[in-house]
Amino acid sequence: MKNVIIREAKKEDCPRILELIRELALYEKAPDEVTVTLEEMEECGFGDKPVWGSLVAEVDGNVEGIALHYDRYSTWKGRRLYLEDLIVTEKMRGSGIGKLLLDELIVYGKANNYHGMVWQVLDWNEPAINFYKKYNADFDPEWINVSVNF
């Protein structure tokens, strides 16, 4: 594998992070669903009250993957990480970058006293499902996703 550096995201990474999010939306057949602006992303990640953090995978100076996360609190389990997106560019998929990012996020979670991590995966995304199975992840068939837009 090429030189891969896993590090915490910086504000300067936001344009590239947004590019990767748009690439994921295209892969998930929902390119028009990404409505967040660069300004909002920067403010919400690096402003006075950040609500998200991210690890980035840098290959030869280019960000080729991200693991964007935020805090979640479970009344049953306590403080947990929520993995919003684990994205690796199409050209770098299968290179091990996703594993490096997820492994490092698990280290981060343990070091910062989280009690676990949760995330979602589309039911048709077999490559991602198979990847997560390697971590002995629990797939919960009972819960239905619910959201309200404002």
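Table for the structure above
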| quantity | calculated |
| --- | --- |
| Among the residues listed as Arg72, Arg22, the single one being open to solvent by 100 Å² or more (accessible area, probe 1.4 Å) and in a strand (DSSP E or B) | Arg72 |
| Verdict on Asn113 being open to solvent by 70 Å² or more (accessible area, probe 1.4 Å) and at positive phi | yes |
| Count of residues meeting criterion [of a type in the set (Asp, Glu) and at pLDDT 95 or above] in region 45-60 | 2 |
| Residue check for Ala57: exposed (fewer than 12 other Cβ atoms within 10 Å of the Cβ) and over 17 Å from Val121 (Cα atoms) | no |
| Residue selected from region 80-110 under the condition open to solvent by 30 Å² or more (accessible area, probe 1.4 Å) and of a type in the set (A, V, I, L, M, F, W, C), by the criterion nearest to Ala57 (Cα to Cα) | Leu100 |
| Region 25-54, residues that are assigned to a helix (DSSP H, G or I) and either open to solvent by less than 40 Å² (accessible area, probe 1.4 Å) or under 19 Å from Tyr70 (Cα atoms) (or both) | Ala25, Leu38, Glu39, Glu40, Met41, Glu42, Glu43, Cys44, Gly45, Phe46 |
| Failed condition for Asn130, given (1) part of a helix (DSSP H, G or I); (2) within 18 Å of His69 (Cβ to Cβ) | (2) |
| Residue ID - farthest from Thr75 (Cα to Cα), chosen from residues in region 131-144 that are loosely packed, with under 10 Cβ neighbours inside 10 Å and of a type outside the set (Val, Ile, Thr) | Lys134 |
| Which numbered condition Ala128 fails, given (1) surrounded by 12 or more Cβ atoms within 10 Å (Cβ to Cβ); (2) over 14 Å from the mean Cα position of the chain (by Cα); (3) at pLDDT below 95 | (2) |
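Rundown of residues vs (1) more than 22 Å from Asn149 (Cβ to Cβ); (2) hydrophobic (A, V, I, L, M, F, W, C); (3) under 12 Å from the mean Cα position of the chain (by Cα), yes/no style:
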| residue | (1), (2), (3) |
| --- | --- |
| Val34 | no, yes, no |
| Cys44 | no, yes, no |
| Gly47 | yes, no, no |
| Leu83 | no, yes, yes |
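The values are calculated or read from the model by the stated rules, or taken from the named source; none is laboratory data. Since the model is a prediction, treat every value here as computed from it, not as a measurement. Please note: Cβ atoms are built from the backbone with ideal geometry, for glycine as well, and neighbour counts cover all protein chains shown. Accessible surface areas use protein heavy atoms only, side chains included; no ligands, DNA or RNA. Shrake-Rupley method; radii C 1.70, N 1.55, O 1.52, S 1.80 Å.
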